[in-house]
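Notes to accompany the following structure.
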Amino acid sequence: MYSGKDATSLVRAIYAKNALTFYVKTGLKVTRTATPTVLLSIATEYTGHKYKRGQYEKAAHDLDVWINTMKAALPVTFED
């Protein structure tokens, strides 16, 4: 299992990536508060890149790269 602040950031980034991908495919927001603008700002927090309106696919791709890097870097704890 992943634990700690980095794991929380990882889950948040995964959610943002999935929400951006959903928005690109359907044009629908995931929730009322998770607007495309908010999702782009979340992507900016993790990737460090500033995204303009309409760059949802690029933000989702960049988040995917960040997520894979973070998964490789996080220590994994096994509990019996």
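A few remarks follow.
- Footprinting exposure proxy ranking of Lys58, Lys50, fewest other C-beta atoms within 10 angstrom first, gives Lys50, Lys58.
- Simple Cβ-charge dipole of the chain, Lys/Arg +1 and Asp/Glu -1, about Cα centre, in debye nearest 20: 540 debye
- Cβ crowding within 10 Å, taken as a proxy for footprinting-reagent exposure, orders Lys17, Lys5 from fewest neighbours to most as Lys5, Lys17.
- The tail of the calculated P(r) for the chain beyond 17 Å holds 44 percent of all Cα-Cα pairs.
- Rounded to the nearest 0.05, the FRET efficiency derived from the C-beta distance between His61 and Ser41 at R0 = 22 Å is 0.85.
- Span from the the range 1-18 Cα centroid across to the the range 45-73 one, whole angstrom: 13 Å
Only the coordinates and a few stated rules stand behind these numbers; no lab work does. Note that the structure is predicted; figures quoted are calculated from it, not measured. Glycine also receives a Cβ, built like all others from the backbone with ideal geometry; neighbour counts cover every protein chain displayed.
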